[in-house]
Ligand code: P6P
């Protein structure tokens, strides 16, 4: 049950019976993410004012320059989740390996693992473009009370118990699902409270926006080239509009509200695409499906991919169901 302007705390309490596992732990998990999001939001919003932006001089496992805000966001989410004795493990885009968290209380063994992209799109920070945090939550598959293993993280997306994102944009929003639809909460920064502003978010069945980095056109598979030309043709409801922010969370969020498709395909320069399966594609796919949209690698369901590596990349087609299905048609014609 939801009503506009409900606070996030009220919403969690009123809907926690829907969470098929321990409801109290879901509340703690989402509350931990809420707290970390407020701290990161504060730092992101003042990024231009202090000497915190700019590369930290190191590179992360992806070989990408690590912005100082990336480092800060990663630390904040890890600290906040660790302190609350809810999770037994955390994997992050910014960490080479997963982090095992052993509960101090042998009677309270933590059951959940969280995978995060702490600050996706961080290269946009220096140019004041919105960025986001993406999170994915699973129940561990190895026995409670034993050390968490890689197997607990390498689960297919269909096993997720919750997923969501924080978008640090013109306003800061927390959008998440526990498998019962998608709800969006907007932060009132004056009092630090998230309010239910977008209940039951859904992708329009189709749309007129396509989001892809056309600068890579010559490197794309033929099916993607053909779909882009389809979007640009003067016929029926086309040409579509091209909108690409360079921030997955921002493009996804706009497309969910207006209708659209986001594509990051494989290419001759990125054999599996760029986006990571575990902490970008799977959580966004869970949200997409819960919002009556679709998420595919061009041929099959993202959430059915059996992961093999923590930082593995997959091609990603996500958004309004009919647009994803049309793109899949072009991909399948080239098989
Ligand atoms: P490109 C940000 O680094 C990100 O992971 C997504 O948020 C974004 O959509 C994409 O990469 C941008 O990548 O290669 O188009 O600059």
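Quick one: which strands (runs of 3 or more DSSP E) sit completely within segment 233-332 and have at least 2 residues that are within 16 Å of the ligand (Cβ to nearest atom) and crowded, with 20+ Cβ neighbours inside 10 Å?
On the way: elements: 261-264, 294-296, 316-319.
Counting at least 2 such residues, we get 261-264, 316-319.
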Checklist entry - Before we move on, is residue 164 out of contact with any strand residue (DSSP E or B) (no Cβ under 8 Å at 6 or more places or on another chain), touching a residue at least 24 places away in the same chain (Cβ under 8 Å) and either within 16 Å of the ligand (Cβ to nearest atom) or under 28 Å from residue 40 (Cβ atoms) (or both)? => result no
Next on the checklist: From the list 77, 19, exactly one residue is buried (at least 20 other Cβ atoms within 10 Å of the Cβ), assigned by TED's automatic domain parsing to the domain that holds residue 139 and modelled with pLDDT of 80 or more. Which is it?
Outcome noted: 77
Checklist outcome for this item: Scanning segment 143-157 for residues that are at pLDDT 95 or above and not in a helix (DSSP H, G or I) gives 149, 153, 154, 155, 156
Checklist entry - Do the conditions hold for residue 118, that is, is it in a loop (DSSP other than H, G, I, E, B) and touching a residue at least 40 places away in the same chain (Cβ under 8 Å)? => result no
Checklist entry - Failed condition for residue 239, given (1) touching a helix residue (DSSP H, G or I) at 6+ places or on another chain (Cβ under 9 Å); (2) in contact (Cβ under 8 Å) with a residue 12 or more places away in the chain; (3) over 20 Å from residue 167 (Cβ atoms), with all others met? => result (2)
Item to check | Filtered residue count, segment 219-231, keeping only those that are under 21 Å from residue 273 (Cα atoms) and touching a residue at least 24 places away in the same chain (Cβ under 8 Å) | outcome: 8
Checklist outcome for this item: Among (1) out of contact with any strand residue (DSSP E or B) (no Cβ under 8 Å at 6 or more places or on another chain); (2) within 26 Å of residue 198 (Cα to Cα), residue 239 falls short only on (2)
Item to check | So residue 296, is it free of Cβ contacts under 8 Å to residues at least 60 places away in the same chain and more than 20 Å from residue 176 (Cα to Cα) | outcome: no
Checklist entry - Of all residues in segment 187-218 being over 20 Å from the mean Cα position of the chain (by Cα) and within 16 Å of residue 294 (Cβ to Cβ), which is farthest from the ligand (Cβ to nearest atom)? => result 205
Checklist entry - Looking only at residues in segment 116-154 that are out of contact with any strand residue (DSSP E or B) (no Cβ under 8 Å at 6 or more places or on another chain) and closer than 22 Å to residue 174 by Cα, which one is farthest from the ligand (Cβ to nearest atom)? => result 128
Checklist outcome for this item: Checked 234, 289 against criteria (under 18 Å from the mean Cα position of the chain (by Cα), under 21 Å from residue 209 (Cα atoms) and free of Cβ contacts under 8 Å to residues at least 24 places away in the same chain); the one match is 289
Item to check | Tally, over segment 170-202, of residues that are touching a residue at least 12 places away in the same chain (Cβ under 8 Å) and part of a loop (DSSP other than H, G, I, E, B) | outcome: 13
Checklist entry - Which is away from the ligand (no atom under 16 Å from the Cβ), under 18 Å from the mean Cα position of the chain (by Cα) and buried (at least 24 other Cβ atoms within 10 Å of the Cβ), of 179, 157, 184? => result 157
Checklist entry - So which of 85, 94 is surrounded by fewer than 19 Cβ atoms within 10 Å (Cβ to Cβ) and in contact (Cβ under 8 Å) with a residue 24 or more places away in the chain? => result 85
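The values are calculated or read from the model by the stated rules, or taken from the named source; none is laboratory data. All values reported here derive from a predicted model rather than from experimental measurement. Don't worry about glycine lacking a Cβ; one is built from the backbone with ideal geometry, like all the others, and counts go over all protein chains shown.
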